[in-house]
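J.: Structure provided below as structure tokens; questions to follow.
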Amino acid sequence: MPFPLDVKYIVEAEQELGVIFPVHFKAKMIQENGGSLATKDDYWHLYPFFDKSDHKRISRTCNHIGLETRQARNWRNFPADAIAIASNGSVETI
């Protein structure tokens, strides 16, 4: 179930990861904080930003972009400066 996100959690993730997310991506995440995308060849589940506003949101966002990126950086072929924003259910993440 989508739920809105306070922009401060995006700013925290940007500072942690040393990136600035695209404006349209941030706007979508502020409205839904996660969700799905379909491409011609695949279906992706977007990782949320970590929302610490209450216990329910902490639970729903525990697989957040920051955590998934830190874990992916331990993979052999994951680029050091890449950010994990979604999963298609395979072992690899984008």
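Every number in this text was worked out from the coordinates using simple rules, so none of it is lab data. No experiment lies behind these values; they were computed from the predicted model shown. Every residue, glycine among them, receives a Cβ derived from its backbone with ideal geometry; neighbour counts consider all protein chains shown.
J.: Tell me, Kirkwood radius of the stretch 7-87 from alpha-carbon pair distances, in Å?
T.: 13.2 Å
J.: Do any trypsin sites (Lys or Arg not before Pro) in the stretch 1-61 lie in a DSSP loop with no more than 11 other beta carbon atoms within 10 Å, and if so, which?
T.: 40
J.: Moving on to the next point. Can you give me the relative contact order of the chain as a percent, contacts being Cα pairs under 8 Å and 6 or more apart?
T.: Taking the mean separation of contacting Cα pairs over the length of the chain, I get 24 percent.
J.: Picking from 53, 25, 35, whose Cα lies most toward the positive end of the charge dipole for the stretch 7-87 (charges on Cβ: Lys, Arg +1; Asp, Glu -1)?
T.: 53
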